[in-house]
Amino acid sequence: MLNKFSPTQLLGIGFALLQRFQQRKIRTFSLLFTVGLSLTLAVSACSPSASNNGTQQTTSPSPAASGTTVHIGYQKASTVLYALKAKGELEKAFAASGSSVTWSEFPAGPPLLEALNAGSIDFGYTGESPPIFAQAGGVPLVYVAYDPWSPKAEAILVPKDSPIKSVAELKGKKIAFAKGSNANYLLVKALEKAGVQYSDIQRVTLTPADARAVFERKNVDAWAIWDPYLAAAEAATGARTLADATGLAPNRGYYLAAKSFVDAKPDALKIVLNQVKKVSNWAKNNPGEVAKFLSPALGIDAPVLEIAEKRREYDVLPLTDEVITKQQEVADTFYKIKLIPKEIKVKEIVWQGKVNNS
């Protein structure tokens, strides 16, 4: 059949077929590229990256490909981890083994634990409430140590000229707080003691920065908050304390790790805790230095920060039966008022290793 065509015609037919074949390859490649790009964007959108959860990632200068990489989440207001990052001591401790450290900043505890759930971080620090919500939500985390903090380091504030004189008078009022935070638990317990149902207040859940703005504009009647934001609000606005956590909540902090990290890299965890302990000891003994160190990062005057530092405690301690019992009370309270969907047992996710207290 090809004999019917001249050589020139045959050449033209061959060229046309080649073009069609190439176009099909291009279309196929374009389709695959588009699908791949869409999947990449979908995964990126679901990941707790800097673009969707407010974190900022920085990596140690010379990560060793053959060593362990430890991913740590921190908050600027969480003095010890922020100072550990700034001092670079953890990187030095890991350098001998060719390991590296990455740091991700978070505005509060709940998003930090969301990142831990997503596998973006291995270790972090929060107040007493976030790990309760996280455990109830199925986050595979482990309590590895606790920090005493202080019941004086959180409070429910009202504007200095507010007519509200007691917690009982908060019934029906707008109260700002960070959902799932230690201040959330303080608010629940303070209302309970005053005979006010949690459902009887208007809850305004905001980050500390946003809550400070609405509090100053008097768009809310009260604000449950922790130091150093507490000290800053008192100094800047003359806000009055309706109640702090004394007799209501232990207001402890917890060092938390991903279960996968604890199981796979227990030696790395111990190195982290040893370095955390060293910085904690420094913070405990040098409130003035800590205040000067934190001031530029937090945008709060050093004298104000020193007030906050002097009314809090520092340490890195293993969880005792008493501490676990108190944390269980937090969980039971949140379940009772339906803030978490199911009952949990705190002791089931407590690390059995030892904290080096030297």
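The values are calculated or read from the model by the stated rules, or taken from the named source; none is laboratory data. This structure is a prediction, so every number in the text was calculated from the model and none was measured. For neighbour counting, all protein chains shown are included, and Cβ atoms are generated from backbone atoms with ideal geometry for every residue, glycine included. To get the accessible areas, we keep the full protein, side chains included, count just its heavy atoms, and leave off ligands, DNA and RNA. Shrake-Rupley method; radii C 1.70, N 1.55, O 1.52, S 1.80 Å.
For this structure, a couple of remarks:
- Positions within segment 298-322 being aliphatic (A, V, I, L, M) and either assigned to a loop (DSSP other than H, G, I, E, B) or open to solvent by less than 30 Å² (accessible area, probe 1.4 Å) (or both), in sequence order: Ile300, Ala302, Val304, Leu305, Ala308, Val316, Leu319
- Looking across segment 80-114 at every residue that is over 21 Å from Gly127 (Cα atoms) and among the charged types (D, E, K, R), the one that is most open to solvent (accessible area, probe 1.4 Å) is identified as Lys92.
- Evaluated against (1) within 23 Å of Ala77 (Cα to Cα); (2) without any contact (Cβ under 8 Å) to a residue 24 or more places away in the chain, Asp161 falls short on exactly one condition, (1).
- Residue within segment 253-261 that is more than 14 Å from Gly353 (Cβ to Cβ), at pLDDT below 95 and either open to solvent by 50 Å² or more (accessible area, probe 1.4 Å) or among the polar types (S, T, N, Q) (or both) present: no
- Scanning segment 323-341 turns up no residue that is in contact with a strand residue (DSSP E or B) (Cβ under 9 Å, 6 or more places away or on another chain), surrounded by fewer than 21 Cβ atoms within 10 Å (Cβ to Cβ) and of a type outside the set (Val, Ile, Thr).
- A count restricted to segment 182-202 and to residues that are on the phi > 0 side of the Ramachandran plot and crowded, with 17+ Cβ neighbours inside 10 Å stands at 0.
- Once segment 135-187 is narrowed to residues that are part of a loop (DSSP other than H, G, I, E, B), among the basic types (Lys, Arg) and farther than 19 Å from Asp332 by Cα, the residue that is farthest from the chain's Cα centre (by Cα) is Lys165.
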